[in-house]
Amino acid sequence: MSDAPTLSVVMATYNGAALLPETLASLQAQTFADWELVAVDDGSRDDTVAVLRGWGDPRIRVIESAVNGGPVVARNRAFAAARGRYIAGLDQDDLCLPERFARQVAWLDAHPETVLVSAATDCLVDGRVRAGQWVRPLTPGLIDWLMLVQNPLVWSSVLFRAEAARRLEIFERPECRYVEDFDFYHRLRAFGRIDQIDTVLTLYRQHAGGASQVFNGTMTAHAEALLRARHRALLGQGAPDIAGLLVRYVMAKAPIGDRTVLRRLFDGIAVLRARFGQQGHDAATLARVDREISRLWWRLCRNAVRSGRLPLRQALAARPAAAALEDARPVDLAASGLIGAVRARRA
């Protein structure tokens with residue numbers, strides 16, 4: 001193995017002693033062995049540092065922070081110390097399946113125009129693997145579209161070129177905390193294509209202690225600012241102001257309770273789609289985009305109706321032309337209408 005590894009894993013750790021051993025074991029199980037882990041501990045008050053230092057693998061490098069600066073500061077420090085030509089994102093509680101690094105390194109080696117490649121991800125909940133909640137399969141064009149309306153990628157599934165990331169003014173921006181990965185993808189996209197391997201290669205752990213499980217005020221504000229800036233970059237100052245609606249109803253999955261809001265959201269999405277269609281994407285990509293818009297409408301419609309906040313008849317009256325009837329599930333919608341009616345009476 002060369003002094004400088006092919007791949008550096010950057011990780012911020014904080015009070016992760018309970019779950020970290022399983023994550024480290026998943027790294028050691030990789031079929032691709034030429035990696036290093038640069039773990040920056042952010043002032044843990046448990047045995048996190050002892051777990052890292054006591055693991056007995058020389059590929060693990062530990063940097064201790066004297067004060068708690070937050071995960072963005074810690075990951076920036078880890079990135080600055082990374083030596084690999086490829087960088088893998090990984091949180092302390094998520095897991096890599098054995099072929100992850102081998103598949104992603106091979107992909108970047110074979111696709112010089114690709115700057116970042118992610119992998120499909122499933123969820124790990126109370127020790128049980130469940131299907132991932134992210135759109136798949138993802139093509140480069142569909143990723144570009146989805147980044148206008150939500151974050152389609154999982155941080156712990158991405159692997160990217162260190163050379164490209166070092167061209168950025170800063171690796172992750174502290175002012176984008178909680179959406180720092182989403183912001184990073186947007187900025188890195190300027191240097192090459194983003195791909196995804198449609199094979200589950202990572203497991204995203206969902207638990208009460210996970211920061212991403214709570215859409216707090218800071219996360220909401222930063223996500224709104226990011227999407228609003230991206231829409232204005234695409235459409236100018238006249239861009240539809242739907243960033244707040246996207247964050248609340250698409251990303252945070254709150255139920256919509258007003259059909260005028262539902263219509264306003266999808267009118268705005270239609271404006272984004274029209275501009276996106278003028279950017280030279282092929283017909284197959286545009287067809288996939290339209291299908292995802294349709295599926296999104298039906299998903300939000302179902303959520304609104306089932307919550308009891310929007311009657312089924314009113315929701316259907318607001319259906320845009322983009323919402324193809326083939327994506328509807330009549331039996332499920334009918335059941336949602338009955339459930340929503342009961343909940344509305346109890347409210």
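Computed from Cα positions, the angle between helix 330-346 and the longest principal axis of the chain comes to roughly 80 degrees. Computed with a 1.4 Å probe on the full set of protein chains, the accessible area for Ser307 sits at about 40 Å².
About its Cα centre, the chain has a charge dipole of approximately 1680 debye under the convention of +1 per Lys or Arg Cβ and -1 per Asp or Glu Cβ, with nothing else charged.
Accessible surface of the chain, 1.4 Å probe: 52 percent of it comes from carbon and sulfur atoms. Solvent-accessible area of Asp91, all protein chains in place: 40 Å² (probe radius 1.4 Å, heavy atoms, ligands and nucleic acids excluded). Of the whole protein surface, Tyr14 contributes about 80 Å² of accessible area at a 1.4 Å probe radius. Dimensions of segment 161-254 based on its C-alpha atoms, expressed as ranges along the principal axes with the largest first, amount to 38, 34, 28 Å. The length gained on full extension between Arg299 and Val125, counted as 0.36 nm times the residue separation minus their Cα-Cα distance, comes to 60.4 nm.
Against the chain, whose longest principal axis is taken from its Cα atoms, helix 283-307 shows a tilt of about 70°. Protection proxy ranking of 223-233, 143-153, by the mean of other Cβ atoms within 10 Å over each peptide's residues and highest first, is 143-153, 223-233.
Tilt of helix 71-81 relative to the longest C-alpha principal axis of the chain, in degrees (0 to 90, nearest 10)? Helix 71-81 sits at roughly 40 degrees to that axis.
Both the radius of gyration and Dmax for segment 253-347 are 14.5, 51 Å, in that order, over alpha-carbon atoms.
Full extension of the segment from His207 to Ala334, taken as 0.36 nm per residue of separation minus the current Cα-Cα distance, would add 42.5 nm. Seen from a random direction on average, the alpha-carbon convex hull of segment 1-159 projects onto 10.1 square nanometres. Each label was represented as a point 7 Å from its Cα along the Cα-to-Cβ direction; for Ala66 and Leu325 these points are 7.0 nm apart. Can you give the % of DSSP beta bridges in the chain that are antiparallel, to the nearest 5? Antiparallel bridges make up about 30 percent of those DSSP assigns within the chain.
Residues of segment 177-210 falling in the label zone of Asp282, defined by backbone nitrogen less than 18 Å from a point 7 Å along Cα to beta-carbon, are 193-198.
With a cut-off of 12 Å between beta carbons, the residues surrounding Ala18 carry a summed charge of -3, where Lys and Arg count +1 and Asp and Glu -1. Considering the convex hull of the alpha carbon atoms of the chain, report its projected area averaged over all viewing directions, in nm², one decimal. Approximately 18.8 nm², given one-decimal rounding. The modelled label-to-label distance for the pair Ala270/Glu113, using points 7 Å beyond Cα in the direction of Cβ, is 3.3 nm. Once you list every other residue whose beta carbon is under 12 Å from the beta carbon of Ala324, what net charge do they have if Lys and Arg are +1 and Asp and Glu are -1? Local charge sum for Ala324: -1.
In this label model, Ala341 and Asp241 are separated by 3.9 nm, measuring between points 7 Å along each Cα→Cβ vector. One way to sum up the overall shape of segment 103-208 is the equivalent ellipsoid from its Cα gyration tensor, whose semi-axes run 22, 17, 13 Å, largest first.
Gain on full extension, evaluated as 0.36 nm per residue between Glu169 and Arg291 minus their Cα-Cα distance, stands at 40.3 nm.
The values are calculated or read from the model by the stated rules, or taken from the named source; none is laboratory data. A quick note: this is a predicted structure, and the numbers were derived from the prediction, not measured. Here Cβ is always computed from backbone atoms with ideal geometry, including for glycine, and neighbour counts include all displayed protein chains. Remember, those area values only see protein heavy atoms, side chains included, never the ligands or the DNA or RNA. Shrake-Rupley method; radii C 1.70, N 1.55, O 1.52, S 1.80 Å.
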